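Peer 1: The structure follows.
The values are calculated or read from the model by the stated rules, or taken from the named source; none is laboratory data. Because the structure is a prediction, the values reported are computed rather than measured. Don't worry about glycine lacking a Cβ; one is built from the backbone with ideal geometry, like all the others, and counts go over all protein chains shown.
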Amino acid sequence: MGAGSGVPGSVTAEGVAATEVVACVVDVIDDETASSLPTPGLPTPLLAAPLLPLSSLHATSSNAHHGTASSLRAGDRRRPAILLDSAAHNTPASVTVASSAYMSPTPLPIILDCDPGHDDAIAIVVAAHHTNLLGITTVAGNAPLDATTSNAIIVRDLLGLECPVHSGANRPLTRPARHAGYVHGESGMDGADLPPPSGPPASHDAVGYIIEACRAREGIWLVPTGPLTNIALALRAAPDLAGRLGGISLMGGGTFGNRTAAAEFNLWCDPEAADMVFTYGGPLIMSGLDLTHQFQALPQRIEAVRALPGHLAAVLADLFDFFSSTYRARHHHIAGAPVHDPCAVMALTHPHLFTRRLAHVEIETRGRLTAGMTVIDQRDLKEVPDANCDVLTGIDADAAWDVVVAAIASGGAPSALP
Ligand code: BDR
Ligand code: CA
């Protein structure tokens, strides 16, 4: 199969695996789009994964809350300062805030699924310091997969981390890959003098890695900060994961868009994957644009990073400068780049820095103008569907920046336990 023919009905092992996995989920691809698709780079273990109907995903995930609660270990303690917006009314007892209201006495085990990306790099830094970062998985998004994988390895190396980097999907489930060079540069992390990666990724099977890791250990949080393709494929191939995860804390969505008027970039890239994630049934925390635009790399904040000693801080300050310069060049009124992605990490590690509301959120997959939009049900009606998402609405930006600065200053060393 040559490049450009990765479409439903293609015949290679990889192509069949990819298209079979997604075929029963959505069928929106048209001939023109299909002819422009690159060869899918989806993981071979999916060949062996049972292709269960979507109903089984929902059936399994209906137990997810119980799985989450039971995965909290003895000694876990309730973190007191969870702030709920006064508007958060339709709040059934089982919804996700319970999960973020707990904090383990040991760092939370997470897998960071990312597309570095300047702000993804910062998410890795914060995760290295404040979580038990089991692994990093990469997806096509801000840049092509090769570049996002290389960037993730470079950041991992700069931090001196041991954790593996596994590369994943090189395009969305049913749509062509689209990137964000206009924000992140062609490399995905333009603006700094970066070393080459120390080696190749641990595997090209991010989805298999996620499934294996989450089956080996209960209570892992997935933290996606790019298009949701890998996460959707993992949930689709292994429906049991929904009841085993701690939850999913993602960056994406919002009441306004950045790639279109309605859609944020990560969800706009792969709305079908986002739909699968938002209906998976377990704890879900959303750091959308409403939140992340409150957390900007202002000049004085970048200077606080540059003032830190060491190579890592200098590199990251250069990255912040580039990131902010593209944002300022493209916006009428913005003082610095919104530092989106670490919010999805800090939502877990520093939940007291956020306000939130619980809401029912669905993903628009078909709208001509709205594909990828998060439709957040804010109606004050008793009949609205139960909340499925912990929507973060506000952040103590100065305190959160201090968290970022401390993580950079640590050079990636684990923080002292709370
Ligand atoms: C998201 O898209 C990317 O540009 C960033 O890395 C972030 O994940 C913001 O819309
Ligand atoms: Ca990202």
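Peer 1: Of the residues A147, A152, A202, only one is in contact with a Ser or Thr (Cβ under 6 Å, 6 or more places away or on another chain), closer than 20 Å to I110 by Cβ and among the small types (G, A, S); which?
Peer 2: A152
Peer 1: Could you grab me the full set of residues in the range 216-240 that are within 16 Å of ligand 2 (Cβ to nearest atom) and assigned to a loop (DSSP other than H, G, I, E, B)?
Peer 2: T225, G226, P227, L228
Peer 1: Quick check, is S249 within 14 Å of ligand 1 (Cβ to nearest atom), of a type outside the set (D, E, K, R) and closer than 25 Å to L133 by Cβ?
Peer 2: Answer is yes for this residue.
Peer 1: Oh, and also: Of A232, A213, which residue is surrounded by fewer than 24 Cβ atoms within 10 Å (Cβ to Cβ), touching a Leu at 6+ places or on another chain (Cβ under 8 Å), touching a residue at least 24 places away in the same chain (Cβ under 8 Å) and not polar (S, T, N, Q)?
Peer 2: Exactly one of A232, A213 is surrounded by fewer than 24 Cβ atoms within 10 Å (Cβ to Cβ), touching a Leu at 6+ places or on another chain (Cβ under 8 Å), touching a residue at least 24 places away in the same chain (Cβ under 8 Å) and not polar (S, T, N, Q), namely A213.
Quick grid of which residues meet (1) modelled with pLDDT of 95 or more; (2) aliphatic (A, V, I, L, M); (3) closer than 24 Å to D240 by Cα:
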position	(1), (2), (3)
G135	yes, no, yes
P144	yes, no, no
A152	yes, yes, no
L158	yes, yes, no
H166	yes, no, yes
T174	yes, no, yes
P196	yes, no, no
A206	yes, yes, yes
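Peer 1: Can you say whether A344 is within 16 Å of ligand 2 (Cβ to nearest atom), among the hydrophobic types (A, V, I, L, M, F, W, C), within 28 Å of P271 (Cβ to Cβ) and not in a strand (DSSP E or B), as far as the supplied structure shows?
Peer 2: yes
Peer 1: On to the next question. Considering only the range 326-340, how many residues are touching a Gly at 6+ places or on another chain (Cβ under 8 Å) and more than 13 Å from ligand 1 (Cβ to nearest atom)?
Peer 2: Going through the range 326-340 one residue at a time, the tally reaches 1.
Peer 1: Of all residues in the range 131-146 being away from ligand 1 (no atom under 13 Å from the Cβ) and either part of a helix (DSSP H, G or I) or of a type in the set (S, T, Y) (or both), which is surrounded by the fewest Cβ atoms within 10 Å (Cβ to Cβ)?
Peer 2: D146
Peer 1: Out of (1) within 15 Å of ligand 2 (Cβ to nearest atom); (2) surrounded by 24 or more Cβ atoms within 10 Å (Cβ to Cβ); (3) among the β-branched types (V, I, T), the odd one out for V183 is which?
Peer 2: Among (1) within 15 Å of ligand 2 (Cβ to nearest atom); (2) surrounded by 24 or more Cβ atoms within 10 Å (Cβ to Cβ); (3) among the β-branched types (V, I, T), V183 violates only (2).
Peer 1: Taking I153 as meeting all but one of (1) more than 16 Å from ligand 1 (Cβ to nearest atom); (2) in contact with a Pro (Cβ under 9 Å, 6 or more places away or on another chain); (3) under 21 Å from L348 (Cβ atoms), write down the number of the exception.
Peer 2: All conditions are met except number (3).
Peer 1: Separate question: Which is assigned to a helix (DSSP H, G or I), away from ligand 2 (no atom under 16 Å from the Cβ) and crowded, with 20+ Cβ neighbours inside 10 Å, of A152, A128?
Peer 2: A128
Peer 1: Related question: Which condition from (1) touching a residue at least 24 places away in the same chain (Cβ under 8 Å); (2) surrounded by fewer than 24 Cβ atoms within 10 Å (Cβ to Cβ) is the one that A121 breaks?
Peer 2: (2)
Peer 1: Kindly check whether there is at least one residue in the range 254-271 that is more than 19 Å from H331 (Cβ to Cβ), of a type outside the set (K, R), surrounded by fewer than 24 Cβ atoms within 10 Å (Cβ to Cβ) and more than 16 Å from ligand 2 (Cβ to nearest atom).
Peer 2: Scanning the range 254-271, I find no residue that is more than 19 Å from H331 (Cβ to Cβ), of a type outside the set (K, R), surrounded by fewer than 24 Cβ atoms within 10 Å (Cβ to Cβ) and more than 16 Å from ligand 2 (Cβ to nearest atom), so the answer is no.
Peer 1: Assuming G412 fulfils every condition listed in (1) surrounded by fewer than 16 Cβ atoms within 10 Å (Cβ to Cβ); (2) over 18 Å from P271 (Cα atoms); (3) touching a helix residue (DSSP H, G or I) at 6+ places or on another chain (Cβ under 9 Å) apart from one, which condition is it?
Peer 2: (1)
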